[in-house]
Amino acid sequence: MKSNKQLPSILAVELENLINNSLDMSFFPYVKGKSVRIKHIIVRETSFGFLVFDTKQNQELAKTFCKTSALALAKNLAFDRNRVNEIKELDSVIQKNYNDALFFKHTIRVTKDESRKFVAETRYEIAASKTKAAKEKLDKFIYS
C-alpha cells in the first residue's frame, strides 16, 4: 500500500498526463455569440423558440419550445444517440403545461369566484409539477 505522502504526487502526475494528452475540444459545448455549439450541432434562440441546426449537413434538425429540450436534442444528435422522439415529446409536454399554467395563473389573478379560483390553483399546481418533471427528465439527457 502506498503512503499518504506519495498519493498527492501520483495524483499530480495523473492530472498532468490528462492535461498533456490531446483532448478533442469539439466534445465540449461552448457559447459563440447567441448560439451554443456541441460538436457540429448549433442551438440558437429565435422568436418562436429554439432552433437546432446541423452544420455538417447544413440543415435544420428541429424547432423546440424550451432551451433545455434544444440542448438535450443537440447533445443526443452530436453523440449519435437516437432519443429524438422522446425529447420532442417531453418538449411538447413542457409547452402544453407551461401554457396551461399561464392560463390558470391569469384566472387566479382576475377571478372573483372563490370556487373557480380554487380549481384554477389546483390545476396550476398540476401543470407546474408536470412541467418540472418533464424538465428534470430532459436534464438527464443533457448531464448523462
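Values in this text are rule-based calculations from the coordinates and carry no lab data. What you are looking at is a predicted structure, and each value in this text was computed from that prediction instead of being measured. Cβ sites come from the backbone with ideal geometry, for glycine too, and all protein chains shown count toward neighbours.
Looking at the stretch 28-60, which of its residues are within 22 Å of Lys140 (Cβ to Cβ) and either buried (at least 17 other Cβ atoms within 10 Å of the Cβ) or polar (S, T, N, Q) (or both)?
Val36, Arg37, Ile38, Lys39, Ile41, Val43, Phe50, Val52
Quick grid of which residues meet (1) among the polar types (S, T, N, Q); (2) under 20 Å from Tyr30 (Cβ atoms); (3) not in a helix (DSSP H, G or I):
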position	(1), (2), (3)
Lys75	no, yes, no
Gln95	yes, no, no
Tyr98	no, no, no
Ile108	no, no, no
Glu125	no, no, no
Lys130	no, no, no
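Which pairs have Cβ atoms under 9 Å, sit 6 or more apart or on different chains, and link a residue in the stretch 111-125 that is free of Cβ contacts under 8 Å to residues at least 60 places away in the same chain and under 19 Å from Asn99 (Cα atoms) to one that is among the basic types (Lys, Arg) and in a helix (DSSP H, G or I)?
Thr111/Lys117; Ala120/Lys105; Tyr124/Lys105
Of a type in the set (Gly, Ala, Ser) and either crowded, with 17+ Cβ neighbours inside 10 Å or out of contact with any helix residue (DSSP H, G or I) (no Cβ under 9 Å at 6 or more places or on another chain) (or both), is that true of Ala128?
Values: of a type in the set (Gly, Ala, Ser): yes; either crowded, with 17+ Cβ neighbours inside 10 Å or out of contact with any helix residue (DSSP H, G or I) (no Cβ under 9 Å at 6 or more places or on another chain) (or both): no.
It is false that Ala128 is of a type in the set (Gly, Ala, Ser) and either crowded, with 17+ Cβ neighbours inside 10 Å or out of contact with any helix residue (DSSP H, G or I) (no Cβ under 9 Å at 6 or more places or on another chain) (or both).
Return the total of residues in the stretch 77-93 being in a helix (DSSP H, G or I) and either surrounded by fewer than 23 Cβ atoms within 10 Å (Cβ to Cβ) or touching a Lys or Arg at 6+ places or on another chain (Cβ under 7 Å) (or both).
Applying the first criterion (in a helix (DSSP H, G or I)) to the stretch 77-93 yields 77-78, 84-93.
Still in the running and either surrounded by fewer than 23 Cβ atoms within 10 Å (Cβ to Cβ) or touching a Lys or Arg at 6+ places or on another chain (Cβ under 7 Å) (or both): 77-78, 84-86, 88-90, 92-93.
Final tally of qualifying residues: 10.
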